[in-house]
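Asker: Let me give you the structure first, and then I'll get to my questions.
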Amino acid sequence: FNGLLWLSLRDKTYLSYVGYLTFYLIAQLTLNGNALRYLFPESPHLNSIAMPVSGFITLSFIYRFTRQFLNLDKILPKASRAVVWMERIFFGAAIASIWIPYSIIIKPLLLAALIGPLTCIILGAACVKHGYKPAKTYLIAWSFLFLGAVIFALKTFGLLPTNVFTEFSMQVGSV
């Protein structure tokens with residue numbers, strides 16, 4: 001749907017959102033085992049790099065979308081420059097994760113998956129404070145995703161039990 005919106009409106013924000021959704025879908029398919037089962041059943045190695053690559057690219061698109069949607073260039077120009085650097089760092093991490101072993105790269109990815117949405121919430125709150133009305137909707141949406149990401153990360157680090165709720169908290173939060 002957002003891809004069709006981008007085609008009709010040519011608003012780059014929609015394109016960033018489509019990039020985020022695409023790589024988030026790949027990350028989720030990899031996380032729950034469906035990517036290995038349906039996309040590349042003959043390549044466990046591809047499956048092991050798909051999670052960190054798609055995860056870091058997802059984060060890169062999240063920051064790009066945030067910068068565009070919240071109009072950070074005008075509202076918070078210094079923060080906008082920092083967000084651009086984070087986009088680049090996450091994209092670089094995605095490329096590096098092709099060669100870095102999964103057991104090493106997954107921990108920075110989990111940390112980034114917590115910091116990313118938290119940063120987005122902080123930026124959204126700052127834009128609300130500056131009177132940018134669309135930031136309220138943005139802030140509410142990211143709060144749910146952040147809560148889901150926190151619950152999932154705490155489960156992954158063994159601080160919460162594994163159950164249906166903690167296992168799928170990120171998917172629920174993203175909806």
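Asker: Residue by residue through the stretch 128-148, note down the ones that are exposed (fewer than 14 other Cβ atoms within 10 Å of the Cβ) and over 17 Å from the mean Cα position of the chain (by Cα).
Answerer: 129, 130, 131, 133, 134, 136, 137
Asker: Restricting the stretch 48-77 to residues that are within 17 Å of residue 136 (Cβ to Cβ) and aliphatic (A, V, I, L, M), which is surrounded by the most Cβ atoms within 10 Å (Cβ to Cβ)?
Answerer: 70
Asker: Of all residues in the stretch 24-49, which are touching a Phe, Trp or Tyr at 6+ places or on another chain (Cβ under 6 Å) and touching a residue at least 24 places away in the same chain (Cβ under 8 Å)?
Answerer: Answer for the stretch 24-49, where residues must be touching a Phe, Trp or Tyr at 6+ places or on another chain (Cβ under 6 Å) and touching a residue at least 24 places away in the same chain (Cβ under 8 Å): just 48.
Asker: Which of the residues spanning the stretch 124-175 are over 25 Å from residue 80 (Cα atoms) and among the polar types (S, T, N, Q)? Steps first, answer last, please.
Answerer: Within the stretch 124-175, the subset over 25 Å from residue 80 (Cα atoms) is 148, 151-173, 175.
Residues satisfying the conditions are 156, 162, 163, 166, 169, 171.
Asker: If a residue has to be closer than 16 Å to residue 16 by Cβ, free of Cβ contacts under 8 Å to residues at least 24 places away in the same chain and open to solvent by 20 Å² or more (accessible area, probe 1.4 Å) to count, how many in the stretch 78-87 make the cut? Walk me through it before giving the result.
Answerer: Restricting attention to the stretch 78-87, the residues satisfying the condition of being closer than 16 Å to residue 16 by Cβ are 80, 83-84, 86-87.
Now drop any that are not free of Cβ contacts under 8 Å to residues at least 24 places away in the same chain, which leaves 80, 84.
Restricting the remaining residues to those that are open to solvent by 20 Å² or more (accessible area, probe 1.4 Å) gives 84.
So the answer is 1.
Asker: Also, I was wondering about something else. Run down 123, 109 and say which single residue is open to solvent by less than 30 Å² (accessible area, probe 1.4 Å) and more than 16 Å from residue 58 (Cα to Cα). Spell out how you get there, then give the answer.
Answerer: Values: 109 fails: more than 16 Å from residue 58 (Cα to Cα).
One residue alone meets the criteria, 123.
Asker: Is at least one residue of the stretch 2-12 among the aromatic types (Phe, Trp, Tyr), in a helix (DSSP H, G or I), free of Cβ contacts under 8 Å to residues at least 24 places away in the same chain and surrounded by fewer than 19 Cβ atoms within 10 Å (Cβ to Cβ)?
Answerer: As a first pass, look at the stretch 2-12 and keep what is among the aromatic types (Phe, Trp, Tyr): 6.
Subset that is in a helix (DSSP H, G or I): 6.
Still in the running and free of Cβ contacts under 8 Å to residues at least 24 places away in the same chain: 6.
In the following step, the residues that additionally are surrounded by fewer than 19 Cβ atoms within 10 Å (Cβ to Cβ) were identified as 6.
Looking through the stretch 2-12, at least one residue is among the aromatic types (Phe, Trp, Tyr), in a helix (DSSP H, G or I), free of Cβ contacts under 8 Å to residues at least 24 places away in the same chain and surrounded by fewer than 19 Cβ atoms within 10 Å (Cβ to Cβ).
Asker: Filter the stretch 32-47 down to residues that are over 18 Å from residue 22 (Cβ atoms) and in a helix (DSSP H, G or I), then give me how many there are. Even if it seems obvious, please write down each step before you answer.
Answerer: Just the residues of the stretch 32-47 that are over 18 Å from residue 22 (Cβ atoms), to begin with: 33, 36-37, 41-45.
Checking the rest, the ones that are also in a helix (DSSP H, G or I) come to 36-37, 44-45.
Residues meeting the conditions: 4.
The values are calculated or read from the model by the stated rules, or taken from the named source; none is laboratory data. This structure is a prediction, so every number in the text was calculated from the model and none was measured. Cβ sites come from the backbone with ideal geometry, for glycine too, and all protein chains shown count toward neighbours. The protein model used for the area step is the full one, side chains on, heavy atoms only, and it has no ligands, DNA or RNA in it. Shrake-Rupley method; radii C 1.70, N 1.55, O 1.52, S 1.80 Å.
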